[in-house]
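What follows is a short report on a single structure.
Just so it is clear, none of the values below were taken in a lab; they were calculated from the coordinates. This structure is a prediction, so every number in the text was calculated from the model and none was measured. FYI the Cβ positions are ideal-geometry reconstructions off the backbone, even for glycines, and counts take in every protein chain you see.
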Amino acid sequence: MEESLPAFAEKPTTLLSKLGPGLITGAADDDPSGIATYSQAGAQFGFGLLWTVIFTYPLMVGIQIVSARIGVVTGHGLATNIRRHYSKTLLYAIVMLLLLANIINIAADIAAMGDALRLVVGGPAHVYAIGFGALSAVLQVMIPYTRYVRILKWMTLALLAYVVTVFVVRVPWATVAVGLITFPHLPWKAAYVTTIVAVFGTTISPYLFFWQSSQEVENLRAIPDARALKYAPAAAKASLDRIKVDTYIGMGFSNAVAFAIMLTFAVTLHLHGITDISSSAQAAEALRPIAGEFAFTLFSLGIIGTGLLAIPVLAGSAAYAMAGTFEWKNSLQDKPAVAPRFYAIIVLATLLGVALIYAPIDPIKALYWSAVINGVVSIPIMAVMLLMAAHHDVMGALTISRRLKVLGWLCTSVMALAVACMFALA
């Protein structure tokens, strides 16, 4: 069970020292399943959905700052705060949908990593997938948090592969610029709206809220004599400034990579009449004859790197949510013997993801609809987060500003509108 923590003052002296939960959260957002969604959006609609990545950036920043602030101000993750202030029925519904979407995402990511390694070196993709799943589970259980988080921070560099890919292919930048400043004129039919929801759902995802909030709690625990800001408001400015820098850069990195992926497939596959991409591995394979071997290799290795980054975030956010719901001890700084049920969820979620690869379920449909589930379930979670972040009983004197409230409710409203349009056109 999460405990209250004593006072501290963070004084990071370099930009790198300010980067942590926000950077890792943003990078984990571009997991292999997200890569598949962005690839499909670029291949199917060309430049017609590039605007979504620009549009979601400020919304993503706002809502992730809210989640981070809840963690650092209260000293508890989202699930614990929801349990304390709202009904168990709401909490159980949110956590169950989160678990479902996360396990499907883990399965899709592990399968994509196996396929990507097969494309590069040959061999059995399923064996590679099992190996990646086992490796991820072992690393999370065996490596102490302070060391593991440094590994995750450097693994974000894997995403640069997608930025480099943009400069390998030929991009008509003038056309791209016109497309970005022109209101989308594509027919607003079911496929287009559903893809928008999928892009929003894979960009603004519930597991990111749970992860960043809990990582701020972990950061508190890693500092001797640290305390939640609610009980140490004098230390708030340095900590909240650090969160702002970390989140702006992390979400900017995430959206820049998403933009690069979407643009790559708009100027390659879409312009060559290939409009149906069903997985990140298929996207890499389709890229090879058009963009060349170097772009193909970069893209494939990027899938493996970002998968290794995303799986711990997906499994970890599920474990934090379950532990907060049932009042279990939950910290990656604890040894497994101290928090056995927390670590059991991490391992179980990863193993269920591996097992799902072998289930008679269409993995592409499962992946796509997991993004849609994320889009749907994010609405009540964001609403509850915003209510908590504005409540003095939860946040003390450190409730969120009017600007964050406006940005957060705008994000919630946009997601709700997109989901409503999707169901109306279905």
Could you check the simple spin-label distance between Y231 and A190, using points 7 Å along Cα→Cβ, in nm with one decimal?
-> 5.4 nm
Once the Cβ-Cβ distance between A344 and M96 is put in as r, and R0 is 30 Å, what FRET efficiency do you end up with, to the nearest 0.05?
-> 0.95
Using a simple charge model, +1 on the beta-carbon of Lys and Arg, -1 on the beta-carbon of Asp and Glu, nothing else, what dipole does the chain show about its Cα centre, in debye to the nearest 20?
-> 820 debye
Distribution output for the chain: share of Cα-Cα pairs per 20 Å bin in percent, first bin at 0, values 29, 59, 12, 0
Alpha-carbon spread of the range 197-332, three principal axes, descending order, Å | 59, 32, 28
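Sum up the charges of everything whose Cβ sits under 11 Å from the Cβ of A125, counting Lys and Arg as +1 and Asp and Glu as -1, but leave A125 out.
Local net charge: 0.
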If we restrict to alpha carbons, what Rg and Dmax does the range 242-393 come to, in Å?
-> 19.3, 59
Here the membrane-span-like helices of the chain, with no claim about any membrane, defined by DSSP H, Cα axial extent at least 20 Å and mean Kyte-Doolittle at least 1.6, are 88-121, 340-356, 363-389
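For the range 186-261, with only Lys/Arg (+1) and Asp/Glu (-1) charged at the beta-carbon, what is the dipole magnitude about the Cα centre, in debye rounded to 20? Present the calculation step by step, with values, prior to reporting the outcome.
Values: 7 positive and 5 negative charges, 32 e Å.
With only Lys, Arg, Asp and Glu charged at Cβ, the dipole is about 160 debye.
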Order the peptides 327-338, 73-84, 408-419 from the highest to the lowest mean number of other Cβ atoms within 10 Å of their residues.
-> 73-84, 408-419, 327-338
Rounded to the nearest 500 deg cm²/dmol, what is the calculated helix-only ellipticity per residue at 222 nm for the chain, with -39500 (n - 2.57) per DSSP H run of length n ≥ 4?
-> -25500 deg cm²/dmol
Unit charges at the beta carbon, dipole of the range 15-425: most positive-side option, A337, G375, L160 | A337
Which of the peptides 91-103, 302-314, 190-202 is most tightly packed, and how do the rest follow, going by the mean number of other Cβ atoms within 10 Å of each residue?
-> 302-314, 190-202, 91-103
So what's the net charge close to A27: Lys and Arg +1, Asp and Glu -1, counting the other residues with Cβ under 13 Å from its Cβ?
-> -3
Hey, if you put +1 on the Cβ of every Lys and Arg and -1 on every Asp and Glu Cβ in the chain, which of S213, V193, T275 ends up farthest toward the positive end of that dipole?
-> S213
Entries of K244/K405; K153/K230; K153/K244; K88/K329 with Cα pairs more than 24 Å apart | K153/K230
Answer rounded, prolate or oblate for the range 119-278, using the Cα gyration tensor with square roots of eigenvalues a ≥ b ≥ c: rounded when a/c is under 1.5, else prolate when a/b is larger than b/c, else oblate.
-> oblate
Which length gain, in nm to one decimal place, applies between D334 and K405 when the Cα-Cα distance is subtracted from 0.36 nm times their residue separation?
-> 22.1 nm
